[in-house]
Amino acid sequence: MSNIILGIESSCDDTSAAIIKDGILLSNVIASQSVHEEYGGVVPELASRAHQQNIVPVVDTAIKRAGIEKSDLSAIAFTRGPGLLGSLLVGTSFAKGLSLGLRIPIVDVNHLHGHVLSHFIRREENDVVPEYPFICLLISGGNSQIILVKDYNNMEVLGQTIDDAAGEAFDKCAKVMGLPYPGGPHIDRLAAEGDANRFKFSKPHIPGLNYSFSGLKTSFLYTLRDAKKLDPDFIENNKADLAASLQRTIIEILIDKLKKAVDQTGVKTVAIGGGVSANSGVRQAIADFCDKRGLKAFIPERAFTTDNAAMVAIAGYYKYLAGDFCHYDAVPYARVTI
Ligand code: KG4
């Protein structure tokens, strides 16, 4: 008999539902929330209200697109955390309600596990997936972690940011440049036309495998502030070079620690995940690094880099196979690492 999992993701500002059948993705529907644009960041209360509006049609569409019936489902996987509590509550409550109605189990998923396991989403039987152990560089708006992945439920954080995440560095610097939120994709676009070696920004000197991005942010801020005193149009006239130089510096910081982690662990496979892994420069740099070192690189489809339910469904699928179900008294959690 087939194992069919409905995945539900509602941790931040995307309502998403996906269906995975025996490890193969049948559908992945995402409703993004434009309501936050005018505020320059996600407004939690508005996010949870939008999830409430979106969740029924999104789940319904995912089931229809997969060509299945509700009664075919084996289990419901949902993101339990980390994320915005009000948003998580919508997905969690919906999953519980539907599972009671259908008399099928629920499986709780750590959103970060989902990002890591997104590399196991297959569209076809023969799609190649990573072999354990591998290193996953998880880079998003809230996290920058180097994770040693030993199994689908056995992950060790080798290093993580001690201040800002890589995505925050992109977003905060972009904000100083007057770019809309989130700034990461705008920096990516501008960087393609700029001279990456034009400006130098400071890089951290932190021992071990931890990251720090707040010094870079400060150095970026001071460069712009000083230059604007001499030329009020400095940002406008140099935005591509600023974006390219910023992106290069972030990539160098990321790769520097990744290299150390690969040397320490001797792994043969490197994967990336999280919103920042959509960045063209990051993707190219990881591919080049792995190529040079004879490592296998797993770079996710762009659709699986940001929040999506396909990754929740695949993480839930493995937990389901292991009989690792969740109780109905489980409540969402705002913070947790791997
Ligand atoms: O994983 P994610 O969707 O959720 C959070 O952790 O919040 O990551 C969002 C982050 C934001 O900081 C956004 O600017 C960044 O991912 N991001 C990018 C790109 N696309 C998204 N950063 C750089 N280049 C991109 N193309």
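The values are calculated or read from the model by the stated rules, or taken from the named source; none is laboratory data. Nothing here was measured: the structure is a model prediction, and the numbers come from that model. Please note: Cβ atoms are built from the backbone with ideal geometry, for glycine as well, and neighbour counts cover all protein chains shown. To get the accessible areas, we keep the full protein, side chains included, count just its heavy atoms, and leave off ligands, DNA and RNA. Shrake-Rupley method; radii C 1.70, N 1.55, O 1.52, S 1.80 Å.
Tabulated results
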{"quantity": "Rounded Å value of the spacing that divides the Cα centres of region 62-112 and region 134-199", "calculated": "28"}
{"quantity": "Helix axis angle, 85-102 relative to the chain longest principal axis, alpha carbon, degrees", "calculated": "20"}
{"quantity": "Eligible lysines near residue 70 by straight Cα distance, threshold 21 Å, same-chain separation 8 or greater", "calculated": "21, 96, 319"}
{"quantity": "Region 134-301 pair-distance distribution - Cα-Cα, 10 Å bins, rounded %", "calculated": "11, 40, 33, 13, 3, 0"}
{"quantity": "Heavy-atom accessible area per residue - the chain, 1.4 Å, Å²", "calculated": "44"}
{"quantity": "Principal axis dimensions, region 54-145 - Cα atoms, whole angstrom, descending", "calculated": "40, 36, 22"}
{"quantity": "Placed amide H near residue 75: partners under 5 Å, 5+ positions off or other chain", "calculated": "4, 6"}
{"quantity": "For region 11-53, radius of gyration divided by Kirkwood radius, i.e. Rg to Rh on alpha-carbons", "calculated": "1.13"}
{"quantity": "5 angstrom amide H check on residue 296, placed H, neighbours 5+ away", "calculated": "269, 270"}
{"quantity": "Overall form of the chain per C-alpha gyration tensor (a/c, 1.5; a/b vs b/c)", "calculated": "prolate"}
{"quantity": "Using alpha-carbon coordinates, inclination of helix 214-230 to the longest axis of the chain, degrees", "calculated": "40"}
{"quantity": "Accessible area of region 134-301 belonging to carbon and sulfur atoms, whole % at 1.4 Å probe", "calculated": "50"}
{"quantity": "Around residue 309: net Lys/Arg minus Asp/Glu count, Cβ-Cβ under 10 Å", "calculated": "-3"}
{"quantity": "From the C-alpha gyration tensor of region 159-232, square roots of 5λ in Å", "calculated": "22, 15, 12"}
{"quantity": "Nearest-ten-degree value, helix 234-265 long axis tilted from longest Cα axis of the chain", "calculated": "60"}
{"quantity": "Expected 222 nm ellipticity per residue - DSSP helices of 4 or more, -39500 (n - 2.57), all of the chain, to 500", "calculated": "-14000 deg cm²/dmol"}
{"quantity": "Among 172, 239, 229, residue whose mean-square fluctuation peaks in a GNM of the chain (springs only between Cα atoms under 10 Å)", "calculated": "229"}
{"quantity": "Ratio of Rg to Rh over region 205-338 (Cα coordinates, Kirkwood Rh, two decimals)", "calculated": "1.07"}
{"quantity": "In order through region 151-159: 3J(HN,Hα) via Karplus (6.51 cos²θ - 1.76 cosθ + 1.60), integer Hz, x for Gly, Pro", "calculated": "6, 4, 10, 9, 10, 10, 7, 8, x"}
{"quantity": "Farthest positive-ward along the chain dipole, Cα basis, beta-carbon charges - from 284, 40, 237", "calculated": "284"}
{"quantity": "Flagged links, alpha-carbon separation over 28 Å, of 200/292; 260/296; 217/292; 239/292; 150/172; 150/257", "calculated": "217/292; 239/292; 150/172"}
{"quantity": "The chain, dipole about Cα centre (Lys/Arg Cβ +1, Asp/Glu Cβ -1), debye to the nearest 20", "calculated": "420"}
{"quantity": "Amide H contacts of residue 25 (H built 1.01 Å from N, under 5 Å, at least 5 apart or other chain)", "calculated": "122, 123"}
{"quantity": "Residue 212 accessible area, 1.4 Å probe, all protein chains in place, Å² to nearest 10", "calculated": "10"}
